[in-house]
Amino acid sequence: MVECVVHGGTVVTAQARTDADIAIDDGTVVEVGTDLSHLDAEHRIDASGLLVLPGVIDPHVHVEWPGWEYDLAARHGGRAAAAGGVTSVINFLIGPPGELETNYAAFREAMETHFIGDFSFHVAVFTMEQVRKVPRFVEEEGLTSFKLFLPYRGEEVVEPLVGIDDGIVYKLMETVAAIDDAYGARVLVHPRTSNPRSSSRRRCEPRARRSKASTRGTRSALTSSKRTPSTG
């Protein structure tokens, strides 16, 4: 007796597509075969005409943000993921200065309680205080991915976060490089630079406004000329 047999579908793996049945017991695939109709199963799912894939891993998910209701976010985020065939996610953990560990504890509890599927975190780092906590996150919490958001500096800062400077970038990379290779810790970088973009926007906005005003004036003149009766 097995828990479930999925039959009649096309099984897709990294190697091939095969018309096959799948037997699942205690949450694990225990057998794949062309015909598993002989197996006793508590449940049978007819997947005729459908693709049957392993659970999708989504490594870039934003379910959490400081101030959100974590229980609600985890519940709805999990249901949305499962509906799309996503069974594992790596969510970005974001915390203002002094609140990263508090946010982590609260959001992890919400995910463990309400999220459908497996999960882990990318830890976003913004301050030297957070850089110093990196070894603890790796060694005690098993978190090995750390994110740098370079765009959010100066006027591009998104509340309640703080902009980072190049010293934070260097120190985080130095800290992660010093961690034992066995952990596989890595730094992810959102590399877009905001300052040139901001300066360009400031230069372009007045021109854009003048261009729009000119366009409106031209359209107004054309409309007026169309409405003026001919005197010829």
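Quick note: the coordinates plus some simple rules give every number you see, no bench work behind them. On a predicted model such as this, the values are computed, not experimentally measured, just so you know. For neighbour counting, all protein chains shown are included, and Cβ atoms are generated from backbone atoms with ideal geometry for every residue, glycine included.
Each distinct pair of alpha carbons in segment 1-97 adds a 1/r term; the inverse of their mean, the Kirkwood radius, is 15.6 Å. Ranked by how many other Cβ atoms sit within 10 Å of their own Cβ, fewest first, the residues His114, His60 fall in the order His60, His114. Peptides 2-15, 172-185, 123-136, ordered by how many other C-beta atoms sit within 10 Å of their residues on average, highest first, read 123-136, 2-15, 172-185. Sorted fewest first by neighbouring Cβ atoms within 10 angstrom, Asp21, Asp118 come out as Asp118, Asp21.
Antiparallel versus total DSSP beta bridges in segment 1-145: what percent is that, nearest 5? Approximately 40 percent, going by the DSSP bridge assignments.
Near Gly95, once Lys and Arg are set to +1 and Asp and Glu to -1 for all other residues with Cβ below 11 Å from its Cβ, the sum equals -3.
Footprinting exposure proxy ranking of Ile24, Ile94, fewest other C-beta atoms within 10 angstrom first, gives Ile24, Ile94.
Each eigenvalue of the Cα gyration tensor of segment 62-147, multiplied by 5 and square-rooted, gives one semi-axis; in descending order these are 23, 13, 10 Å. Run through the DSSP bridge list for segment 2-52 and note the antiparallel percent, rounded to the nearest 5. Bridges in segment 2-52 are about 65 percent antiparallel. Measuring nothing but alpha carbons in segment 2-52 and taking Rh as the Kirkwood radius, the Rg to Rh ratio lands at 0.94.
Near Val125: Cβ cut-off under 11 Å, other residues only, Lys/Arg at +1 and Asp/Glu at -1. The net charge is +3.
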